[in-house]
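Below is one structure, written out as structure tokens, with a few remarks after it.
The values are calculated or read from the model by the stated rules, or taken from the named source; none is laboratory data. These figures come from a predicted structure and were not determined experimentally. For neighbour counting, all protein chains shown are included, and Cβ atoms are generated from backbone atoms with ideal geometry for every residue, glycine included. Ligands, DNA and RNA are stripped out before the accessible areas are found, and what is left, the full protein with its side chains, is counted by its heavy atoms. Shrake-Rupley method; radii C 1.70, N 1.55, O 1.52, S 1.80 Å.
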Amino acid sequence: MEPLAQFAIEVPDFSSQYGSETSISYTARNLAGKCNIYPAYGDFTQACVFRTYGPWWKYAPSGKRKFKRTPPNFISEDYIELEFEYEVQPTKIEIWETYNPGTIVRILACDSSGTDVDKGMARWKVLWEGGPERCPPESRVFCPLLRHVQFQTKIIRLEFCHDLCDYYTELDAVCLYGEEQQGQYVMSGLEGVTVGPHLTDISEIDQRLRDVTLREQEYNANANNTSMTIEELPVNSFAIECLLSRCHHLQHLNISWCGGNQSTISTSTFSRFLEACGRDLLTLYMSSCKFVNGDVLKAVGKHCPKLRELDVGSCQSLNGQSLSHLSKIHTLERLNLYRLTVNKDSLIEVLQVSPNLKHLNLGSTRINEQNIDHVMSVLGIHCKNLISLDLWRSRVSENGLSHMSDNCKYIEELDLGWCVNLRSGTHCFIDLVKKCPNIKKLFLTANRTICNEDLVTFSKHCPMLEQLDILGTGNVHVESVYSVLTQCPKLIFLDVSFCANVLVENIGIWRTQFPRCSIKRSFQD
């Protein structure tokens, strides 16, 4: 029988995207359906595009340190889950990469055949894994050899590492090949023995929990051994329950990506875990976890009084009002609210009690113009130690930007990409850099109003500038761009993609003259 070939019909979950929540351009959901770009190569709005690329985001002031206990083979930075119409036993996957290929590092299939109602044993099985690649600048169909698995699935996860990518990677489509499988059980390694996959999973949990217990016992000898990444465990409510008595000294926890649409972690179980183990938590990363809702944030606010870093980016089960629970914590230094619906009053409650806040991510948050300007005013009054602020695709105006820059003198990183309400004619960018001389990263992506006067001012007032993005402006000329390159000696990143007056010839000369700076110029085939 010929294997069934099928394209993805839906994108149920993903970690990030370049496009907005209300658009079809550059969004994750473009990966559903048949290919419509290949064999063309280049920057196309119909593609699936993630939020970051390369190492530059890690180099920025907001870059997060990696947990010491992160498994060395886990290098994924983004993921996307794809749903197909029919369940099959995977035999082949084809992935159409149409711009800057080579970022796929893991392909997984969801095995729900052994799901236990009480213990929730749905698991991801790795079909293929490898390192990122430097590939020729051409489209390709990536088709790695898959591991054989003995279950059927219609949910596939792709994971990506962008470290070697010179610009945004873009994907066109994914096709899954597979065969139907008969019967409800699979054969184990012992001939004639049939067991459900959940039995193997439970024994694996027991073994790894014994490892966690041994690490806990090391705590008395080495107080720094207090962090863990849940990537080490087959994560579900059963595993979380078993950890309750083993993690009382936990200080750093990363459970990101463990609670997507295939989540088997319950809100109540994780809330009990925080009650038992949250008193010493300093870092809690929970991005892209569907089980994270208002009840979980209530538990965070109640049981994690020492928390410094909280990441709930892309937690789509959160409503805007639930942020108010965090106002019980007065020690926050980092807060990531990427892609959330944000209630102004709830966020303000948190900011008013967070004088130590250094890093705030409001990128792609759903909050209107008047409200975001009010938030900027409160931020300037109560969070004067702010170092990085991500306002990607926000509705902030020049008034809101001024409120922040008047008071946050230590700001080093500011992402104003796709902030369509900011206009160069108001001198808001010139005023910004004059007030904030420590800026190292300034992203003005797709602001069509950036002009020569802005760039000349940047070159005079931003001696620490390392990264500048002015993609999409037609108002700057070669001379003003050159002034930035010559007068900002620390510059390592410059994006002049789709700047109409900057030609390929100019960029070629600059790349030779300024080899330390990675100069970007995107294009369409």
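Going through (1) buried (at least 16 other Cβ atoms within 10 Å of the Cβ); (2) over 17 Å from V105 (Cα atoms) one by one, L164 falls short only on (2). Taking the criterion of being in a loop (DSSP other than H, G, I, E, B) and either among the aromatic types (F, W, Y) or over 21 Å from E170 (Cβ atoms) (or both), the residues of segment 124-153 that qualify are L145, L146, R147, H148, V149, Q150, F151, Q152.
From the list T457, T445, the one residue that fits, being open to solvent by less than 40 Å² (accessible area, probe 1.4 Å), farther than 27 Å from G19 by Cα, at pLDDT 95 or above and polar (S, T, N, Q), is T457. Of the helices (runs of 4 or more DSSP H) that lie entirely inside segment 279-396, those containing 1 or more residues that are over 25 Å from Q17 (Cα atoms) and in contact with a Pro (Cβ under 8 Å, 6 or more places away or on another chain) span 369-382. Screening V342, V396 for residues that are among the β-branched types (V, I, T) and either at pLDDT 95 or above or open to solvent by 50 Å² or more (accessible area, probe 1.4 Å) (or both) leaves exactly one candidate, V396. Does Q467 satisfy the condition of being of a type in the set (S, T, N, Q) and open to solvent by less than 10 Å² (accessible area, probe 1.4 Å)? It is true that Q467 is of a type in the set (S, T, N, Q) and open to solvent by less than 10 Å² (accessible area, probe 1.4 Å).
Here E87 fulfils each of the conditions (1) open to solvent by less than 10 Å² (accessible area, probe 1.4 Å); (2) touching a Lys or Arg at 6+ places or on another chain (Cβ under 8 Å); (3) assigned to a strand (DSSP E or B) apart from (1).
Of a type in the set (S, T, Y), under 25 Å from Q6 (Cβ atoms) and in contact with an Asp or Glu (Cβ under 9 Å, 6 or more places away or on another chain): is that true of T98 in this structure? For T98, the condition - of a type in the set (S, T, Y), under 25 Å from Q6 (Cβ atoms) and in contact with an Asp or Glu (Cβ under 9 Å, 6 or more places away or on another chain) - is met. With the condition kept exactly as written, say whether any residue in segment 308-317 is open to solvent by 10 Å² or more (accessible area, probe 1.4 Å), at pLDDT 95 or above and farther than 18 Å from N361 by Cα. No, segment 308-317 has no match at all. The residue pairs whose first member lies in segment 120-138 and is at pLDDT 95 or above and among the basic types (K, R), whose second member is assigned to a loop (DSSP other than H, G, I, E, B) and open to solvent by 40 Å² or more (accessible area, probe 1.4 Å), and whose beta carbons are closer than 7 Å, counting only pairs six or more residues apart or on different chains, are R134/L164. Tell me whether segment 318-328 contains one or more residues that are open to solvent by 10 Å² or more (accessible area, probe 1.4 Å) and either at positive phi or under 21 Å from the mean Cα position of the chain (by Cα) (or both). There is at least one residue in segment 318-328 that is open to solvent by 10 Å² or more (accessible area, probe 1.4 Å) and either at positive phi or under 21 Å from the mean Cα position of the chain (by Cα) (or both). Among the candidates Y53, Y26, Y38, the residue that is out of contact with any Lys or Arg (no Cβ under 8 Å at 6 or more places or on another chain) and closer than 24 Å to K358 by Cα is uniquely Y53. Out of (1) open to solvent by 30 Å² or more (accessible area, probe 1.4 Å); (2) outside any loop (DSSP other than H, G, I, E, B); (3) of a type in the set (D, E, K, R); (4) under 30 Å from R334 (Cβ atoms), the odd one out for E81 is which? Unmet condition: (1). Restricted to segment 1-53, and to residues there that are aliphatic (A, V, I, L, M) and more than 20 Å from Y177 (Cβ to Cβ), the residue that is surrounded by the fewest Cβ atoms within 10 Å (Cβ to Cβ) is I24. Only a single criterion out of (1) at pLDDT 95 or above; (2) surrounded by fewer than 20 Cβ atoms within 10 Å (Cβ to Cβ); (3) of a type in the set (D, E) is not satisfied by D525, namely (1).
Being more than 27 Å from F270 (Cβ to Cβ), open to solvent by 10 Å² or more (accessible area, probe 1.4 Å) and in contact with an Asp or Glu (Cβ under 6 Å, 6 or more places away or on another chain) is a property that does not hold for R106.
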